[in-house]
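The next block holds one structure in the form of structure tokens; read it before the comments.
Please treat every number below as a calculation from the coordinates, not as lab data. Quick caveat: nothing in here was measured; it's all calculated off a predicted structure. Here the Cβ positions follow ideal geometry from the backbone for every residue, glycine too, while neighbour counts run over all protein chains shown.
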Ligand code: UMA
Ligand code: ADP
């Protein structure tokens, strides 16, 4: 029997895959467990899978007794050690990405893998758009939104390349995934509640992306990572300084202007880009590295050819994804920015640093939610020169206040609604108001997008 744990997006994609594809274990019955007492969209799922054998409620050993294979949803990956104890050593425990890897064995296709604490969605989307601009057929998804298994074509129209955003939870459950190019864009503490406070365990999960990777795209600005990357594979490096090697990516000055470049070759002027902040330059360089290496790999160009013009045009045109340092409104001279996707400390630090020069010293920061056991200290260093007031809400508002209040005036409120009203009272023309919560949204919202949409609606209603 197959035991599938979790009936979220990934769990449902696994059910569809097992129903619609010819797998070596197609004959096995499937039982679905979900530790919650209620799962989202249950009625709709029971219509799509009328035979569904679903058991809700806390997981226990008895439920796994007849398992010959277990498939765990990413949000339940921390259960793997307990389930392994219940099952013994020989029953496979996999995730949706393992099934995806198995599906590709029959039809080998280049797969690019992108992980990191921040910038994954931006880089995954950029790589897909740049490759499409150069005429490749691309399927992009994974942690980004469309589960990897739902990217597999049903009608035979197979893409040239898959681009997968991979979370540490998904990487914990991979075994055979073969990636032609992969990157950990950066690391900073996140999901420490899931890793029992152990940051190294989180990094180790990320490093699993290289288990079966041919070429590594390495961020030379991240010294923690650089010392941990496997040395037995070729690397292409990116970073914000001028590159030392002809095949690496970086930034150089020509006259007054900064250019994204590869080796000595200027690619495009930074000032013409629609993406802002240093972190986004890093993301753009990583995306260029993936794009050119992929074009070389699929035979669309040679490594020494001129930069791919359509990809560069697409990079210039890219305005960023919603809820990432996105401008919402100028209301009575106050700029309101939505960075709801700032769901960890590292992301909010980068948002503050990136926006620093736009309104120096005049920011009101709205932060709070579920901090996932993070240490908020780095937020204080980034905020103390730029933030004149912090308004804090959600589960960990008191922890945030404890950290920020020695140097920044803090206001504690109950909800995002109250936070926006309070910010509107405090802001003066010329100020900026930034929602960059440094926390997950789950305590008060369905997800970061719902939080960002609520913020935009409140700001527009002012
Ligand atoms: N859950 C239970 N009991 C269960 C099953 C799930 O309590 O039996 C809870 C989980 O702990 C979690 C929630 O339900 O809080 C959803 O878990 P899930 O594994 O069912 O999630 P999916 O709906 O399949 O969505 C997952 C990713 N979510 C997580 O890993 C938590 C989505 O990334 C991803 O888009 C989707 O697969 C498709 O690949 C979201 C995310 O927040 C954006 N990811 C984290 C991040 O980016 O930081 C890792
Ligand atoms: P992820 O998918 O890893 O959560 P996103 O591309 O959605 O990353 O960006 C989320 C937030 O992380 C952004 O709003 C920004 O504040 C921050 N961020 C984006 N790219 C980087 C980066 N390269 N380094 C640090 N922070 C970043």
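Averaging the Cα positions of each part gives two centres, and for segment 129-143 and segment 434-462 these lie 29 Å apart. The relative contact order of segment 326-460 comes to 38 percent, based on Cα pairs under 8 Å that sit 6 or more residues apart.
Translational diffusion coefficient of segment 98-317 (Stokes-Einstein, Kirkwood radius from Cα pairs, 10 °C, 1.306 mPa s): 90 µm²/s.
Here the simple spin-label model places points 7 Å from the Cα toward Cβ, and for residue 414 and residue 446 these points are separated by 2.4 nm. Rounded to the nearest angstrom and listed largest first, the equivalent-ellipsoid semi-axes of the chain from its Cα gyration tensor are 36, 31, 19. Relative to the globular-protein estimate of 2.2 N^0.38 Å, the Cα radius of gyration of segment 71-210 stands at 1.07. When both segment 265-300 and segment 331-375 are represented by their alpha-carbon centers, they are found 25 Å apart.
Taking only the C-alpha atoms of segment 152-205, Rg followed by Dmax gives 14.7, 45 Å. With the convex hull drawn around the C-alpha atoms of segment 2-94, the volume per residue stands at 92 Å³.
Between residue 310 and residue 229, the FRET efficiency from the beta-carbon distance, with R0 = 30 Å, is close to 0.45.
Entry note, the chain: the mean residue ellipticity at 222 nm calculated from DSSP H runs of n ≥ 4, each adding -39500 (n - 2.57), is -9500 deg cm²/dmol after division by the residues and rounding to the nearest 500. The relative contact order of segment 98-317 comes to 20 percent, based on Cα pairs under 8 Å that sit 6 or more residues apart. Normalised by the number of residues in the chain, the mean separation of alpha-carbon contacts (under 8 Å, six or more apart) gives a relative contact order of 11 percent. A convex hull fitted to the Cα coordinates of segment 162-279 yields 133 cubic angstrom per residue.
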